[in-house]
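The values are calculated or read from the model by the stated rules, or taken from the named source; none is laboratory data. Treat the numbers as computed from the prediction; the structure is a model and nothing was measured. Note: ideal-geometry Cβ built from the backbone for every residue, glycine included; neighbour counts use all protein chains shown. When the accessible area is computed, the model is the full protein with side chains, heavy atoms only, and any ligands, DNA or RNA have been set aside. Shrake-Rupley method; radii C 1.70, N 1.55, O 1.52, S 1.80 Å.
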Amino acid sequence: MTDASKQAANKMWGGRFAAGPDAIMEAINASIDFDRRLARQDIEGSRAHAAMLAAQGIISDSDAQAIREGLLTVLSEIESGSFEFSTALEDIHMNVEARLKQLIGEPAGRLHTARSRNDQVATDFRLWVRDQCDAAVSGLEELQRALLAQAEAGAEWVMPGFTHLQTAQPVTWGHHMMAYVEMLGRDAGRFRDARARMNECPLGAAALAGTSFPIDRHATAAALGFDRPMANSLDAVSDRDFALEFLAAASLCAMHLSRLAEELVIWSSAQFRFVIMSDRFSTGSSIMPQKKNPDAAELIRAKIGRIMGANVGLMTVMKGLPLAYCKDTQEDKEPVFDAADTLMLSLAAMTGMVSDMTANREALAAAAGSGFSTATDLADWLVRELGLPFREAHHVTGALVALAEQRGCDLPELSLEDMQATHADITEGVFEVLGVENSVASRTSFGGTAPAQVRERIAEWKTRL
């Protein structure tokens, strides 16, 4: 560290230390390498604070105007890449303030009246996370639109529905796509809920106890788009619930993306051939020329580890902290920054994959009719037409499945005589329910897989979006 840097560092520490921190302390204490991402929010908060100080007569209008204009110059320098960040100045707040003083002189020293870095960083970070909630909702809605397009194109296409990854009952491609639309809708709701809860302003809480200056916290809250100021100064500077809620919502969202990614990996395999992934989101093999690997899906499937890790990491940081501010909370930003970046990249990649992929209607239909997928339809027919108790119908159907398995055929390929040998009252009408098309068309209960139900949900979601 140069002598000039040491002097600058000492000045920012208020003259408490006779010598500047050594290299190790500087490295562990400084946050400018990552919290520079808060520059826009920091300057936005400072401009609102300066305007309020002038409106309350705490600083002069001319000083406030110089501060506000100078801060715009600083922001312009940062955004253009010409700003020189200093590790000796620790963080984004001190870097901005030091540059402001170079630009406008003495009035810059009045900006920090009636506030602390504690409420300043809490405000900056809350503004940043609020923006990320909005970005996540936008990304989710784009992915939902891509899924809706797939669902609309294949509202009637039959495919196997699975439980335990074993063939269960026929469903439609549209119904399967809409399941993810519903999941992502809940994710968007969680981000909106988190945003609404975090929309309270910490600015003016100062270090921890408020301030003796006659500030107007409602004015700064309104200027920054918050609903209200936070009601307790201790809570205002020490709370990081807003970041944890964002990470919790991001973890759930990433889990849903991972589930869809897993299905795309399976479906695009030669064993399934349900979908063809575009070349834009696939890679080849360095040794096997036939390979087309769904690498983007696999990477999305893995990204939840980073996002969930950030959630657990920050929860661990916060769990033992007494009120109010502790330096531990400097460790809040890097995991949240990384999680937000990872989530937005995953959403963009998944939207691209879903938009570009082609469903193989023939392979879907062929698989839908395999694995005795209409066995439940047969059991339901025995209950509905013959009046059998469901448990007895289940037993009869099981016997017919065993017979078909023994014959090496599917249920519709058994003869009426074969079926009557198992239960004498079965009639020719049973074959009307054994086709997969008939099966999906019959599932007309609300939320069912019948094409008519699927189209209703598609129309509803298109209206919502």
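Have a look at L434, L465, L403, L411 and point out the one that is more than 29 Å from A153 (Cα to Cα) and touching an Asp or Glu at 6+ places or on another chain (Cβ under 8 Å).
Details: L434 fails: more than 29 Å from A153 (Cα to Cα); L465 fails: more than 29 Å from A153 (Cα to Cα); L411 fails: touching an Asp or Glu at 6+ places or on another chain (Cβ under 8 Å).
Unique residue meeting the criteria: L403.
When the residues of region 122-145 are filtered to those that are open to solvent by less than 10 Å² (accessible area, probe 1.4 Å) and of a type in the set (A, V, I, L, M), which remaining residue is nearest to A48 (Cα to Cα)?
L127
Going by the conditions given, is G161 of a type outside the set (F, W, Y), touching a Pro at 6+ places or on another chain (Cβ under 7 Å) and either surrounded by fewer than 21 Cβ atoms within 10 Å (Cβ to Cβ) or closer than 30 Å to A23 by Cβ (or both)? Quick ask: steps written out before the conclusion?
Working: of a type outside the set (F, W, Y): yes; touching a Pro at 6+ places or on another chain (Cβ under 7 Å): yes; either surrounded by fewer than 21 Cβ atoms within 10 Å (Cβ to Cβ) or closer than 30 Å to A23 by Cβ (or both): yes.
Taking the combined requirement at face value, the residue satisfies it.
Given the conditions (1) crowded, with 22+ Cβ neighbours inside 10 Å; (2) in a helix (DSSP H, G or I); (3) at pLDDT 95 or above; (4) not β-branched (V, I, T), and given that R115 satisfies all but one, which numbered condition is not satisfied?
(2)
Among (1) open to solvent by 20 Å² or more (accessible area, probe 1.4 Å); (2) in a helix (DSSP H, G or I); (3) more than 22 Å from L148 (Cβ to Cβ); (4) in contact (Cβ under 8 Å) with a residue 60 or more places away in the chain, which single condition is G309 missing?
Looking at each condition in turn, G309 falls short on (4).
Being buried (at least 16 other Cβ atoms within 10 Å of the Cβ), under 30 Å from Q144 (Cβ atoms) and touching a strand residue (DSSP E or B) at 6+ places or on another chain (Cβ under 8 Å) is the requirement here; does A368 meet it?
yes
For region 334-362, enumerate the residues that are open to solvent by less than 20 Å² (accessible area, probe 1.4 Å) and touching a strand residue (DSSP E or B) at 6+ places or on another chain (Cβ under 9 Å).
Result: M357, A359.
Could you say whether any residue in region 44-53 is among the hydroxyl-bearing types (S, T, Y), open to solvent by less than 70 Å² (accessible area, probe 1.4 Å) and part of a helix (DSSP H, G or I)?
For region 44-53, residues among the hydroxyl-bearing types (S, T, Y), open to solvent by less than 70 Å² (accessible area, probe 1.4 Å) and part of a helix (DSSP H, G or I): present.
Looking at region 345-453, what helices (runs of 4 or more DSSP H) fall wholly within it and have at least 1 residues that are within 30 Å of S251 (Cα to Cα), over 40 Å from the mean Cα position of the chain (by Cα) and in the same structural domain as P170 (by the TED database)?
Ranges flagged: none.
Considering only residues of region 391-446 that are among the hydroxyl-bearing types (S, T, Y), open to solvent by 30 Å² or more (accessible area, probe 1.4 Å) and in contact (Cβ under 8 Å) with a residue 40 or more places away in the chain, which is nearest to G369 (Cα to Cα)?
S442
Within region 54-97, work out how many residues are acidic (D, E), buried (at least 18 other Cβ atoms within 10 Å of the Cβ) and more than 22 Å from V121 (Cβ to Cβ).
1
Results for (1) surrounded by 16 or more Cβ atoms within 10 Å (Cβ to Cβ); (2) at negative phi; (3) in a strand (DSSP E or B), shown as yes or no for each residue.
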site	(1), (2), (3)
T167	yes, yes, yes
M178	yes, yes, no
R186	no, yes, no
D193	no, yes, no
R197	no, yes, no
G210	yes, no, no
F226	yes, yes, no
C253	yes, yes, no
E262	no, yes, no
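Cβ contacts < 6 Å: first residue without any contact (Cβ under 8 Å) to a residue 12 or more places away in the chain, restricted to region 171-196; second residue outside any helix (DSSP H, G or I) and open to solvent by less than 50 Å² (accessible area, probe 1.4 Å), any location; separation 6+ or different chain. Result?
Pairs found: none.
Would you confirm whether or not region 234-250 contains a residue that is within 26 Å of L147 (Cβ to Cβ) and open to solvent by 10 Å² or more (accessible area, probe 1.4 Å)? If you could, list the steps in order and put the result at the bottom.
At the first step, the residues of region 234-250 found to be within 26 Å of L147 (Cβ to Cβ) are 245-250.
Filter once more, so that each one left must be open to solvent by 10 Å² or more (accessible area, probe 1.4 Å): 245, 248.
Yes, some residue in region 234-250 is within 26 Å of L147 (Cβ to Cβ) and open to solvent by 10 Å² or more (accessible area, probe 1.4 Å).
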